[in-house]
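Engineer: Just dropping this structure here.
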Amino acid sequence: MKFAIVNVVWGKDYIKFFTEVSLPLCLSPNNLGYLAKNVNSIYCIYTDEPGATLIQKSPMFKRLQDTIPIGFRLLTHDKGHIMPISHNFALEEFGNGRTALVFICPDLLMADGTFKYLYETVKKGKKAVMACGARVSMESALRDLKCKHLHPGKEIITPRELVRLALYHMHPQMRKMFWSDKNSYFWPSHIYWNAGNTGYIVHPFHVHPLLVVPGAGVEPKGTIDGDLILRSGIQLQDIDLVTDSDQLCIMEASSSIVHPIDVHVNINSVEFVAGWAKEFADEWHRYYFKNTFRYHSEDLTNEWKDVERKANEAVDKILMVLGDKGLLPGGK
């Protein structure tokens, strides 16, 4: 089995964050270096020609080059569609059933051990690893990262440290996706429950396919967290759902200025969420939603059990309205 890391790095701001923050964390001891030592791998960067030049000028590029083979895939497409276009190119190039595609992004924050976990999971025969993270405010999180986790030659963050960072620097948009918030974000693809000051629980419809082993001819209609798994023909037993942040932890850093907050509806409405899911969630998305994803900066306590019970009550009501409580993908 070969590994191909797919990263779409487009525009000066994303390139800067990629080379100064995201890439150093990916080069921590149990990430890219561990992968490259254990399996044939390539790191594919999808960008344009000016972007490739900027990336190669970065001091961190030399470290990447010394760690893993790199392949630039130069593109000229419109910025607004560059992510799905690049992913489809990667699926076309590596969709042979013998390559594990790892889909990451330039604003990704990755805890140490992520690539080690992916490698070991594929060794067990899994064909997909599904992970759910959170969105942090880039501006404030960056100060914390530089102070505590991005020392030259020692760029590393543990899963629990990354969850703690997300709690301290939670993106305003994410704050509006908690079930207890009466004035919430209108797109309930993820619904969160607060578990005190040490973490949170999430029931997501859309889960990121961090790793997929696709066959030939797979082309999702939209983004990869849409219908990629459905179109790949991957079976339930072939999927690893990362439901505990101690297993693997990733987060996305976004500017709160670039992502304004929409607060038009009450996410606590069972009817609203079920209505949204009928239109935007396929059978796989509904299956993910049934599962409890735990993100914690300390050991789990009895308090979490009460939070999980309340979350499951709401989830059960939504699934009852949808009419598919208890079903698995494929109607089983």
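The values are calculated or read from the model by the stated rules, or taken from the named source; none is laboratory data. Remember, predicted model here, so these are calculated numbers, not experimental data. Every residue, glycine as well, gets a Cβ built from its backbone with ideal geometry; the counts of neighbours run over all protein chains shown.
Engineer: Which ones in segment 159-178 are free of Cβ contacts under 8 Å to residues at least 60 places away in the same chain and assigned to a loop (DSSP other than H, G, I, E, B)?
Structural biologist: Passing the criteria: only His169.
Engineer: Tell me which of these Leu109 doesn't satisfy, since it passes every other one: (1) surrounded by 20 or more Cβ atoms within 10 Å (Cβ to Cβ); (2) modelled with pLDDT of 85 or more; (3) outside any strand (DSSP E or B).
Structural biologist: (3)
Engineer: Are any of the residues in segment 61-72 part of a strand (DSSP E or B), touching a residue at least 12 places away in the same chain (Cβ under 8 Å) and farther than 20 Å from Ile224 by Cβ?
Structural biologist: yes
Engineer: Would you be able to say whether some residue in segment 186-193 is at pLDDT below 85, over 15 Å from the mean Cα position of the chain (by Cα) and either part of a loop (DSSP other than H, G, I, E, B) or crowded, with 18+ Cβ neighbours inside 10 Å (or both)?
Structural biologist: Yes, some residue in segment 186-193 is at pLDDT below 85, over 15 Å from the mean Cα position of the chain (by Cα) and either part of a loop (DSSP other than H, G, I, E, B) or crowded, with 18+ Cβ neighbours inside 10 Å (or both).
Engineer: Sort out which residues of segment 42-57 are of a type outside the set (Lys, Arg), surrounded by fewer than 22 Cβ atoms within 10 Å (Cβ to Cβ) and either touching a Leu at 6+ places or on another chain (Cβ under 8 Å) or without any contact (Cβ under 8 Å) to a residue 40 or more places away in the chain (or both), and write them in order of number.
Structural biologist: Asp48, Glu49, Pro50, Ala52, Thr53, Gln56
Engineer: Also: Can you find a residue in segment 115-137 that is more than 30 Å from Gly233 (Cα to Cα), under 17 Å from the mean Cα position of the chain (by Cα) and in contact (Cβ under 8 Å) with a residue 12 or more places away in the chain?
Structural biologist: Taking every residue of segment 115-137 in turn, at least one turns out to be more than 30 Å from Gly233 (Cα to Cα), under 17 Å from the mean Cα position of the chain (by Cα) and in contact (Cβ under 8 Å) with a residue 12 or more places away in the chain.
Here's the yes/no breakdown for (1) in contact with a helix residue (DSSP H, G or I) (Cβ under 7 Å, 6 or more places away or on another chain); (2) within 24 Å of Lys126 (Cβ to Cβ); (3) modelled with pLDDT of 85 or more:
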residue: Leu230; (1), (2), (3): yes, yes, no
residue: Leu236; (1), (2), (3): no, yes, yes
residue: Leu248; (1), (2), (3): yes, yes, yes
residue: Lys278; (1), (2), (3): yes, no, yes
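Engineer: Still on this structure, please answer the following. Out of curiosity, is Tyr34 crowded, with 16+ Cβ neighbours inside 10 Å, under 20 Å from Thr121 (Cα atoms) and over 19 Å from the mean Cα position of the chain (by Cα)?
Structural biologist: yes
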